[in-house]
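> Pasting a structure below so you can have a look.
Read the figures in this text as sums done on the coordinates, not as results from a lab. Computed from a predicted structure; not experimentally measured. Cβ atoms come from the backbone with ideal geometry, glycine included; neighbour counts cover every protein chain shown.
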Amino acid sequence: MTEPDAAKLVGLLADPDRLAVVSALALGATDIGGVAAATGLSQTAVALAARRLGRGGLIRRDGAALQLRAELFAAAARAAGEHRPRPVPLSADPAVDAVLQAFVVEGRLASIPAHRGKRLVVLDHMVAVFEPGVRYPEREVNALLAVWHPDTAALRRYLVDEGLLSRADGEYWRSGGTVEV
């Protein structure tokens, strides 16, 4: 493995025996016997896994001695990060976009912000799924919010408490938030 390649690294670790060998080496084992003792694998299984890991460049072999090239993990992570496309802005306002990028991952809410200011930014972004002037039964509100996060009750409560949705007689409607014109 001359160039750190995250996909190749993950492929090398996809086999349970190879993963166990790498783990034992990371924890201090230095030879085939030590890895076998630490993992419960036979020395033959360790040697086969070490051979494959050596061909992949993840470990160095010198007879029975084994050395993990742990620096390749950091290098592969850096290389994968460099090739990641820039995120699509979720807001024209850089401050709002920074909050949204921190909490909205692949169109879903990774977590509900604990800080009220950040939560308001996220809620204002989410409430856009509700059409102004349309009344929604609770099950439809839950369905729309479930796309964002599994805790629909908390989201619904936050939206109502912050005045972004109103509720009466089992129906909800949009009553606040930024509206695109």
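> How far apart, in nm, are two points set 7 Å out from the Cα along the Cα-to-Cβ line at residue 178 and at residue 43?
According to this spin-label approximation, the distance is 6.7 nm.
> Could you list 93, 169, 62 so that the one with the fewest beta carbons within 10 Å of its beta carbon is first and the one with the most is last?
With the fewest neighbours first, 93, 169, 62 line up as 169, 62, 93.
> Restricting attention to the range 64-121, which GluC sites (Glu not before Pro) occupy a DSSP loop and are surrounded by at most 16 other Cβ atoms within 10 Å?
106
> Can you give the translational diffusion coefficient of the range 94-174 in µm²/s, computed by Stokes-Einstein from the Kirkwood radius over Cα pairs at 25 °C and 0.890 mPa s?
Diffusion coefficient, whole number: 192 µm²/s.
> Test of understanding: express the Cα radius of gyration of the chain as a ratio to 2.2 N^0.38 Å, with N the residue count.
Its radius of gyration relative to the 2.2 N^0.38 Å reference: 1.61.
> Here is a further query. Quote the FRET efficiency, to the nearest 0.05, computed for residue 14 versus residue 142 with a Förster distance R0 of 45 Å and r equal to the Cβ-Cβ distance.
0.75
> Given contacts defined as C-alpha pairs under 8 Å and at least six residues apart, what's the relative contact order of the range 94-174, whole-number percent?
31
> Another question about this same structure. Do you know the relative contact order of the chain, to the nearest whole percent, from alpha carbon pairs under 8 angstrom that are 6+ apart?
Once normalised by length, the contact order is 15 percent.
> Would you work out the charge dipole size for the chain about its Cα centre, treating the Cβ of every Lys and Arg as +1 and the Cβ of every Asp and Glu as -1, and quote it to the nearest 20 debye?
I would put it at about 600 debye.
> Express in nm, to one decimal, how much length is gained between residue 52 and residue 98 on full extension, taking 0.36 nm for each residue of separation and deducting their alpha carbon distance.
12.3 nm
> Another question, then. Using only the Cα atoms of the range 46-91, what do you get for the radius of gyration and for Dmax, in Å?
Here Rg and the maximum Cα pair distance are 16.6, 57 Å.
> Fully extended, how many nm does the chain gain between residue 91 and residue 169 (0.36 nm per residue separation, minus their Cα-Cα distance)?
24.7 nm
> Can I ask one more? Got a sec? Charge dipole of the chain, +1 on Cβ for Lys and Arg, -1 for Asp and Glu; which of 19, 141, 152 is way out at the positive end?
Value: 19.
> Spin-label point model (7 Å from Cα, Cβ direction): what's the residue 106 to residue 30 distance in nm?
So the label points at residue 106 and residue 30 sit 4.2 nm apart.
> So what is the 222 nm mean residue ellipticity for the chain from helices alone, if each DSSP H run of at least 4 adds -39500 (n - 2.57) and you divide by all residues, rounding to the nearest 500 deg cm²/dmol?
So the helix-based figure for the chain works out to -15000 deg cm²/dmol.
> Here's something else I'd like to know. From largest to smallest, what semi-axes in whole angstrom does the range 6-79 give when each is the square root of 5 times an eigenvalue of its alpha carbon gyration tensor?
Gyration-tensor ellipsoid for the range 6-79: 20, 12, 11 Å.
> Would you tally the net charge around residue 179, using a Cβ to Cβ cut-off of less than 14 Å, leaving residue 179 out, and scoring K and R as +1, D and E as -1?
Spelling it out: positives minus negatives among the neighbours equals -2.
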